[in-house]
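First the structure, in the form of C-alpha cells, and then the observations on it.
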Amino acid sequence: MTESASKKAWTIFDAETGIGTRVVGEMPMFHPGRCRWCGSIYDGGKVEVTGRYSDCSVWKAPCCGNTADDRPQSWGGSFFPLTNAERRRLLPPGSSRGGEPS
Ligand SMILES: [Zn+2]
C-alpha cells in the first residue's frame, strides 16, 4: 500500500448532514463514484482496469485495494456513480464554485 501514498486523499464534509466522506484522486473527476467496500469516492475514469468482461470491467479500487466492477448495484457491482447533487458537493475545500471551463 505504499504506492497509494502518492495519491491525493482528503475528506469532504456534507454541509447538510455533516457526514465526512473520504475522497481519493485528483480533481476534477470525470466519473466520480462511491466505493462499495469503504464508502470512499474516487474517479472511475482513472482507474487501472485489470479485466474486461461482456457485462462489466474490473479494476482495483484506489481507496482500499479491493476489487471493484461497474455493474449496477443490484447486480453486485461495487462502484456507484454519484448523482449530480452529490457531484456538486465534491469540490475540494478552497476551490472556486462554478468552475466554468475557459
Ligand atoms: Zn474503497
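The values are calculated or read from the model by the stated rules, or taken from the named source; none is laboratory data. Keep in mind that what you see is a predicted model, and the values were worked out from it rather than measured. Please note: Cβ atoms are built from the backbone with ideal geometry, for glycine as well, and neighbour counts cover all protein chains shown.
Below is a table of values for the structure above.
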| read-out | value |
| --- | --- |
| Total residues in segment 65-95, condition loosely packed, with under 12 Cβ neighbours inside 10 Å and assigned to a loop (DSSP other than H, G, I, E, B) | 6 |
| Test set (1) touching a strand residue (DSSP E or B) at 6+ places or on another chain (Cβ under 9 Å); (2) modelled with pLDDT under 95; (3) loosely packed, with under 11 Cβ neighbours inside 10 Å - residue 12 fails condition number | (3) |
| Residue check, residue 45 more than 14 Å from the ligand (Cβ to nearest atom), under 30 Å from residue 15 (Cβ atoms) and either in contact with a Gly (Cβ under 7 Å, 6 or more places away or on another chain) or part of a loop (DSSP other than H, G, I, E, B) (or both) | yes |
| All positions within segment 48-64 that are within 16 Å of the ligand (Cβ to nearest atom) and either more than 17 Å from residue 34 (Cα to Cα) or buried (at least 16 other Cβ atoms within 10 Å of the Cβ) (or both) | 50, 58, 59, 61, 62, 63, 64 |
| Checking residue 77 against (1) modelled with pLDDT of 85 or more; (2) more than 16 Å from the ligand (Cβ to nearest atom), the condition it does not meet | (2) |
